[in-house]
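The values are calculated or read from the model by the stated rules, or taken from the named source; none is laboratory data. Keep in mind it's a predicted model, so treat the numbers as computed, not measured. Glycine also receives a Cβ, built like all others from the backbone with ideal geometry; neighbour counts cover every protein chain displayed. The accessibility values were calculated without ligands, DNA or RNA, using every heavy atom of the protein model including side chains. Shrake-Rupley method; radii C 1.70, N 1.55, O 1.52, S 1.80 Å.
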Amino acid sequence: MKPETPDVEEVQGQPCGVLPLDFVEVKDYTTFLAEYTMKGQDFVFHFFRSPERAKDFSYWLKVFPVALERVAVEHFQAGYPRVSATYVDDMESWWLGAKGFGTLLDKDGFAHKFLEKLDQMLDTLTVQ
């Protein structure tokens, strides 16, 4: 007789057994809001406009992606396809994925250092 196993949806409360990702929210900067997590061996970042930049679409669509690319390539020491970013129109946000960083000992420290460098770059670009 086969042992009874509960339905995946019933146990996890999610359709198809997909668990939600547990994001760390970062609200320390005036140039953006962010959240990040690890999905397997990969970093996933979401970036949102900060209240200070809420109405500045030019900044969000022109300045932010330039800084994001520069800092991500330098910090992760990789470019596309290992590190890639895209604008998510319906969320008015930026998504960045960085593949293969799951073996880092201090993932949170590495992520926060990346966000700090991005904030510093954005401050530099918007002052000019």
Any residue at all in the range 39-50 that's outside any strand (DSSP E or B) and over 26 Å from T103 (Cα atoms)?
yes
Only residues that are buried (at least 17 other Cβ atoms within 10 Å of the Cβ) and either polar (S, T, N, Q) or more than 20 Å from D89 (Cβ to Cβ) (or both): list them for the range 52-71, please.
V71
Of the residues that sit in the range 88-126 and are over 16 Å from S50 (Cβ atoms) and β-branched (V, I, T), which one is most open to solvent (accessible area, probe 1.4 Å)?
T103
Is it the case that some residue within the range 98-115 is assigned to a strand (DSSP E or B), under 20 Å from D22 (Cβ atoms) and touching a residue at least 60 places away in the same chain (Cβ under 8 Å)?
no
How many residues, within the range 75-128, are within 14 Å of the chain's Cα centre (by Cα) and aliphatic (A, V, I, L, M)?
9
Go through (1) at pLDDT 90 or above; (2) within 13 Å of the chain's Cα centre (by Cα) for G40 and report which single condition fails.
(2)
